[in-house]
1. How high is the relative contact order of the chain, in percent, counting Cα pairs under 8 Å that sit 6 or more residues apart?
2. With the Cα gyration tensor of region 58-109 giving a ≥ b ≥ c as the square roots of its eigenvalues, does the rule (a/c under 1.5 for rounded; else a/b larger than b/c for prolate; else oblate) give rounded, prolate or oblate?
3. How do the peptides 289-295, 30-36, 440-446 rank, highest first, by the average count of neighbouring beta carbon atoms within 10 Å per residue?
4. If each DSSP helix of 4+ residues adds -39,500 (n - 2.57) and the sum is divided by the residues in the chain, what number results at 222 nm, nearest 500 deg cm²/dmol?
5. Across bins of 10 angstrom width beginning at 0, how are the C-alpha pair distances of region 312-459 distributed, in whole percent?
6. Mind pulling the angle between the C-alpha long axis of helix 68-83 and the longest principal axis of the chain? Nearest 10 degrees, somewhere in 0 to 90.
7. With only alpha-carbon atoms in the gyration tensor, what are the semi-axes of the equivalent ellipsoid for the chain, in Å, largest first?
8. Once you order the gyration tensor axes a ≥ b ≥ c over the Cα atoms, which shape class does region 233-308 get: rounded for a/c under 1.5, otherwise prolate or oblate by comparing a/b with b/c?
Ligand code: ADP
């Protein structure tokens, strides 16, 4: 049996229309959805851009702000502009105690006249932690949002809020670590639901402002520190000046009566030695010796204070010529001790010739004075060391233990009893002053094979002989 062939059902006019309508509806729905998505995305993008703009503006202002107040002002101005809220204000923790919030005069008011009463009331209120909107932020360290302050039992101005024209409020802290260093609060004339993304954004602004506070604190601390340092150094300079003057006046004025004592004791010795008993002769010798030591001490002290107070008389000085003069001045002790003085290569330097002579004289006479069992052998030479000359005065004497290497350059520091070696303990401190005034450094090392190696540097002038 042949099966009857069923022709495909012809779409009826009505169903075709339905299908088309359905397609149209679904297309329309898809388009509306797409449009919605686009609009959302666009709005999202727009909001993100606004957030970014705000962050950027606050960051830029924070970088250039000279004061915390300036940065806060910029932040509240920008937040008010972005939210459209007409009132922004800043509270800060009270000075010293930090347990209460005090109102500042930092405000953003779109319409100052309209919010005058609000401003006056706010500026009269000091808040404890937890009290009012700022107090809650201060206590929690987190942003707070109030939909309608007139309905909020913990809003200090709740009763007056309606009259003074504020309803919604939010605020956030500026934080340094966990410390709230300021509270920024904002008000709108109508109630508003919390805006999470805004709260998130202002949280970042709060950290940014915290950094400004931190930076300003560090700067203030630094300024205070450097001012203190300056004050100390001024005091030190003054004290130093007084000391110099005192040392000079004292040693100068002491030499006068000492000269009298010295001459009369000398007279006494010449006239009465051998005419009194032996004790008297001994006593006279003690006095002569004592006055002689005192004279040397006073001379050295005077020398020390002069080196510090007189201006340097700088000129090109040939060290070889200076040493020729030194050798002449010291010829007595050189001959007496049978010392050999070996002068190596020496440059021409920019120095005060008298002071340079004194420096070499002190070092060479010490090298001879503190000689060992062998006749003293003193070697003097200089080597170029970058921008300076390094001089050496090396002896074969008794040497200096490294632990005394620093202190021998201080005034009155001697390593021996006065009976052992003569001297006042001032010579090396004069050397140190001279070298330092010329911009150099002096130190002592142990010389090879015993003895001491005194080294000092003097800046090279550029036109030296070597
Ligand atoms: P003074 O020579 O008048 O005692 P200085 O200030 O010149 O005073 O020297 C301080 C001390 O350093 C000396 O007393 C001595 O102990 C030690 N000193 C200085 N130069 C030498 C040297 N070349 N060798 C060993 N000791 C020295």
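No value in this document is a laboratory result; all are computed from the given coordinates. Please read these numbers as outputs of a predicted model, since none were measured by experiment. FYI the Cβ positions are ideal-geometry reconstructions off the backbone, even for glycines, and counts take in every protein chain you see.
1. Working: 655 pairs, mean separation 40.9, N = 466.
Reported relative contact order: 9 percent.
2. Values: a/c = 2.90, a/b = 1.38, b/c = 2.10.
Here region 58-109 falls in the oblate category.
3. Working: 289-295: 14.7, 30-36: 10.0, 440-446: 16.6.
Highest mean packing first, the order is 440-446, 289-295, 30-36.
4. Values: 11 runs with 247 residues, N = 466.
Result for the chain, helices only: -18500 deg cm²/dmol.
5. Pair shares across the bins are 11, 44, 37, 7, 0.
6. 10 degrees
7. Working: eigenvalues 1754, 247, 64 Å².
Semi-axis lengths for the chain are 94, 35, 18 Å.
8. Values: a/c = 4.55, a/b = 3.84, b/c = 1.18.
Prolate, because a/c is 1.5 or more and a/b exceeds b/c.
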